[in-house]
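This report refers to the structure that appears directly beneath it.
The values are calculated or read from the model by the stated rules, or taken from the named source; none is laboratory data. Model, not experiment: these values are computed from the prediction. So basically every Cβ, Gly included, is an ideal-geometry build from the backbone, and we count neighbours across all protein chains shown. Side chains are part of the model used for accessible areas, which takes the heavy atoms of the whole protein and leaves out ligands, DNA and RNA. Shrake-Rupley method; radii C 1.70, N 1.55, O 1.52, S 1.80 Å.
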Amino acid sequence: MAALINSTTGAAHTRISGIGAYRPRRLVLNSEIVEAIDSSDEWIQERSGIKSRYRAGDGESVIEMSEAASRDALEMAGLAATDIDAVILATITHPYQTPAAAPALAHLMGMNSPAAFDISAACAGYCHGIALAHDMVRGGSARNVLVVGVERLSDFTSSTDRGTAFIFGDGAGAAIVSPSETPAIGPTVWGSEGDKWDVIAQNDSWVEMRDKGLDWPTIGMKGQSVFRWAIWGMAPAAQRALDAAGVTVDQLDAFIPHQANVRIVDAMCKQLKIPDHVAVARDIVDSANTSAASVPLATERLLREGLAPRGGLALQIGFGAGLVYAAQVVVLP
């Protein structure tokens, strides 16, 4: 008879106990971008709703921005860095193929050798990280998990690409997932559509760049294809997350979709029939599309500005390159 293997059990439920954000020092208005793409401030706002974005500079690397956001999240949670058992860092712009950014972040913050790894799920990365952290705490492999969504997209954006130059911004958001006495993170609805992998993608692979002597790769996007997919595919995914949590749309206090485009946000609100009393995140207007950082940045802003109540119910969804998506209902910290 084979020997039995010990297993672990964790908390019955989980919650987001703290959230933090970091926006770079430099604010870039549309007026600084329009000449290179032969455009105008009015055109950019009409097409995307974006008025400005933040651009990282010296002392604002992926790891450094992550540290700033993470310390704010720890403060809200009432925890020390040494209380963190695992770090999940979602990004597509850490400039090293290996090693990952998460172990360096853990070391920088003085943690006690936690599990630490990066995940690549683009604009859905943070919501993927929340799902993984939720399962880790419930499974007993960690008690407090730091989830970071961070991007320095300015390093991978072409200033002359009319379809993307104005879209992307930089920043970091972080959350702590901890045990809870009551359910405060609902089931995750997630998935992928790999047949659409080329709709948002790095224009050239690292190998092609080396072998063909190509310029530094940037991220390209087929805007209309992304727009149609987001509008018609993501509202049903968000509705499934509501259904899985046993929550109706009128019970929500906030709706926090990935900040891809104001028109996409508005269309999703219409399809989901979001009531007027629900706070809708529109951080994209000032911060642009920050990919994995967009949902936690928008969450932190809603709470900081008092637009959504602490302890309120929020529906969050991330979606992007892959194509991939993830959504869950959470109780705001």
Next on the checklist: Which residue fluctuates most in the GNM of the chain (Cα springs below 10 Å): Met268, Met221, Met234?
Outcome noted: Met221
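Using a Förster distance of 25 angstrom, determine the FRET efficiency expected from the C-beta separation of Val247 and Leu307, and round it to 0.05.
Working: r = 19 Å, r/R0 = 0.78.
Computed FRET efficiency for Val247 and Leu307 comes out at 0.80.
What's the carbon and sulfur percent of the chain's accessible surface, probe 1.4 angstrom, rounded to a whole number? Walk me through the intermediate numbers first.
Numbers: 7350 of 14450 Å².
Reported share for carbon and sulfur atoms: 51 percent.
At R0 = 30 Å, how high is the FRET efficiency between Asp58 and Asp211 if r is their beta carbon distance? Nearest 0.05 is fine.
Details: r = 32 Å, r/R0 = 1.08.
That gives a FRET efficiency of 0.40.
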Checklist entry - Roughly what would the spin-label model give for Gln45 and His107, points 7 Å off Cα along C-beta, in nm? => result 4.7
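Just the number, please: percent antiparallel of the DSSP beta bridges in the chain, rounded to the nearest 5. Before the final figure, lay out each step's value.
Working: 37 of 54 bridges.
Percent antiparallel among DSSP bridges in the chain is about 70.
Averaging sequence separations of C-alpha pairs under 8 Å and six or more residues apart, then dividing by the length of region 244-316, give the relative contact order as a whole percent.
Numbers: 92 pairs, mean separation 33.5, N = 73.
Reported as a whole number, the value is 46 percent.
Using the Cα centre as the reference, give the magnitude of the dipole from point charges on the C-beta atoms of the chain (Lys, Arg: +1; Asp, Glu: -1; all else neutral), rounded to the nearest 20 debye.
In total the dipole reaches around 540 debye.
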Checklist entry - How many nm is it between the label spots at Arg263 and Ala36, if each spot is 7 Å from the Cα in line with the beta carbon? => result 2.3
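Before I look further, what does region 118-255 give for accessible area per residue, probe 1.4 Å, in whole square angstrom?
Numbers: 5850 Å² over 138 residues.
Dividing the accessible area of region 118-255 by its residue count gives 42 Å².
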Item to check | Residue-by-residue Karplus 3J(HN,Hα) for region 311-323, coefficients 6.51, -1.76, 1.60, Hz, glycine and proline x | outcome: x, x, 8, 10, 9, 10, 8, x, 7, x, 3, x, 6
Checklist entry - Stretched out fully, how many nm does the piece from Leu4 to Arg71 gain, at 0.36 nm a residue minus the Cα gap? => result 20.0 nm
Item to check | Around Ala292: net Lys/Arg minus Asp/Glu count, Cβ-Cβ under 13 Å | outcome: -2
Item to check | Size of electric dipole in region 12-140: Cβ of Lys, Arg +1 and of Asp, Glu -1, about Cα centre, debye, nearest 20 | outcome: 280
Item to check | Table column - 3J(HN,Hα) (Hz), region 138-145, Karplus curve with 6.51, -1.76, 1.60, x for Gly and Pro | outcome: 5, x, x, 7, 7, 9, 10, 10
Item to check | Whole-number percent relative contact order across region 79-214, with pairs defined as alpha carbons under 8 Å at least 6 apart | outcome: 23
Checklist entry - Once phi is turned into ³J(HN,Hα) by the Karplus curve 6.51 cos²θ - 1.76 cosθ + 1.60 with θ = phi - 60°, what whole-Hz value does each residue of region 17-24 show in order, with x for glycine and proline? => result 8, x, 9, x, 8, 9, 10, x
Checklist entry - Here are several values of Kirkwood radius over Cα pairs in Å: (1) 20.5; (2) 23.5; (3) 19.9. Which one was derived from the coordinates shown? => result (3)
Item to check | Mean ellipticity per residue at 222 nm, deg cm²/dmol - from DSSP H runs of n ≥ 4 across the chain, formula -39500 (n - 2.57) | outcome: -9500 deg cm²/dmol
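Give the total of Lys-Lys pairs in the chain with Cα-Cα distances below 24 Å; include a pair only if its members are 8 or more places apart or on different chains.
Values: Lys51/Lys222; Lys51/Lys270; Lys196/Lys222; Lys212/Lys222; Lys222/Lys270.
Value for the chain: 5.
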Checklist entry - Given 0.36 nm per residue, what is the gain on full extension from Asp276 to Phe117 after removing their alpha carbon distance, in nm? => result 53.3 nm
Checklist outcome for this item: Comparing Val150, Val28, Val207 in a Gaussian network model of the chain (Cα, 10 Å), the one with the largest mean-square fluctuation is Val207
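Report the local net charge at Ala237: Lys and Arg +1, Asp and Glu -1, summed over other residues whose C-beta lies under 12 Å from its C-beta.
For residues surrounding Ala237, the net value is -1.
Given contacts defined as C-alpha pairs under 8 Å and at least six residues apart, what's the relative contact order of the chain, whole-number percent?
Numbers: 829 pairs, mean separation 83.8, N = 333.
Relative contact order comes out at 25 percent.
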